[in-house]
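Remarks on the structure that follows.
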Amino acid sequence: MRRVRDVMGMPVTADLRDERPDAAAALDALYAELERIDAAYSPFRGDSLVSRVNAGALDLARADGELADVVALCRRYEAATDGYFSAWRGARFDPSGLVKGWAIDRACRILDARGFARYFVDAAGDVRTRGERAPGEPWRIGIRHPVERDKVARVVLAYDLAVATSGTYEKGAHIDDPHTGRPATELLSLTVVGPDIVVADVYATAAFAMGRRALDFIAARDGYEAYAIDPDLRATWTSAFEAYCEPVTA
Amino acid sequence: MSALAATVAGVALLVGYKPTPAGSASPSPTPPPRIAVSDDDAPVGAPAPARTPAPTSAPVAVAQSGGTKTVTGKTVDTIFGQVQVRVTIQGKRIVDVQPLQLPFDRARSAYISQVAGPMLRSEAIQAQSANIDVISGATYTSMAYGQSLQSALQNN
């Protein structure tokens, strides 16, 4: 059972391959959770926690519960990425870059808790897979070719895996280097694979902003691999990335 | 991840999986890829008309000549502007997807449209022929693209 909803300002697809009568109810719960997360953390909603923080009505230093967890995660990954990922622009708090992956993770946990073992959740091109697409078959995740029609750049074969891609080819050069305040333009796209969607998503965003140093950064992270495409349409990848991929046939 | 100091194991030109399919309504020496428009097992990256809600407005402009039909999808709004596609169908096969409208409303959209036109087009076709479950990459305007494509197919 597959469902697509526009939530958190992006298309989110959940595809359950376990054939169970409670699949629809699980999807209801999944999207309800994403709606709840959007209501709490969207910078575009005036009544969200994030908007209240930026309006001065809520003090982050006194945040508790889930918001405190989110803030702690933002600080952790800001430190882990040398500041290339940051939820702060000056005094303004915007955790969207973390919340996207975190929301995917929350959605997957809902499915896990209900015993689903074959599914993926895709939020605007960032994907978490679990189990098999069909008996004996891994999920097949195409890495979008940034220019060529009728092509994907590579196919990632996945069982339990997170795949996150940051790119400029569709949304414009939308990722700024927080150290210069200017858009990162050295890569067209950067795909990060690994066990955790929060980490993969944050790393993809942060390392993309690093430009050509992205692969060095990812290569130094245990469990994560990366595949970059530069404006000359050359692909570069970390050493073990190939192990996740379908072989290229000419 | 190995502890190798050299982190970049491979550098290669991007290699496509297939020669560019002849995506044309006119007779072609190379048959276009077979795409089952109504296949229930269509991969997720592909439009799946049977499983998705109908668009809120009907598509327009069905043109037919011989066994070839072109269907124009509805216009879909995105944060960057409007997206609309036209699909050419022979029998049950999609043989071409042509973007009619892509966003131009902002300075950066000039770049998006320049690059994303052919890229968006590849999504609709390659996603099916490459048997992909899902695509990793930015999808804001491609969602609208897919919606326009679906509306065209549903009214085929």
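Listed values, structure above:
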{"item": "Cα-projected label distance for A:Ser96 with A:Asp69, points at 7 Å along beta-carbon direction, nm", "result": "2.3 nm"}
{"item": "Pair A:Arg212, A:Glu137: separation of 7 Å Cα→Cβ label points (nm)", "result": "4.1 nm"}
{"item": "Distance between modelled label sites at A:Leu233 and B:Gln64, nm, 7 Å Cα→Cβ extension", "result": "3.8 nm"}
{"item": "In the range A:13-98, the trypsin sites (Lys or Arg not before Pro) that fall in loop regions by DSSP, at most 15 other Cβ within 10 Å", "result": "A:Arg45"}
{"item": "Cα-only Debye scattering, chain A: base-10 log of I(q)/I(0) at q = 0.09, 0.13, 0.15, 0.17 Å⁻¹", "result": "-0.39, -0.83, -1.10, -1.36"}
{"item": "Extension gain, A:Ala80 back to A:Ala39 (0.36 nm per residue minus Cα-Cα distance, nm)", "result": "12.0 nm"}
{"item": "Rel. contact order, % - alpha carbon contacts under 8 angstrom, at least six apart, chain A", "result": "15 percent"}
{"item": "Loop trypsin sites (Lys or Arg not before Pro), the range A:105-153, which have at most 12 other Cβ atoms in a 10 Å radius of their Cβ (DSSP)", "result": "none"}
{"item": "Mean residue ellipticity (222 nm) of chain A, computed from DSSP H runs ≥ 4 via -39,500 (n - 2.57), nearest 500", "result": "-10000 deg cm²/dmol"}
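Any read-out appearing in this document is the output of simple, stated calculations on the displayed coordinates, not a laboratory observation. All values derive from a computational prediction rather than experimental measurement. Every residue, glycine as well, gets a Cβ built from its backbone with ideal geometry; the counts of neighbours run over all protein chains shown.
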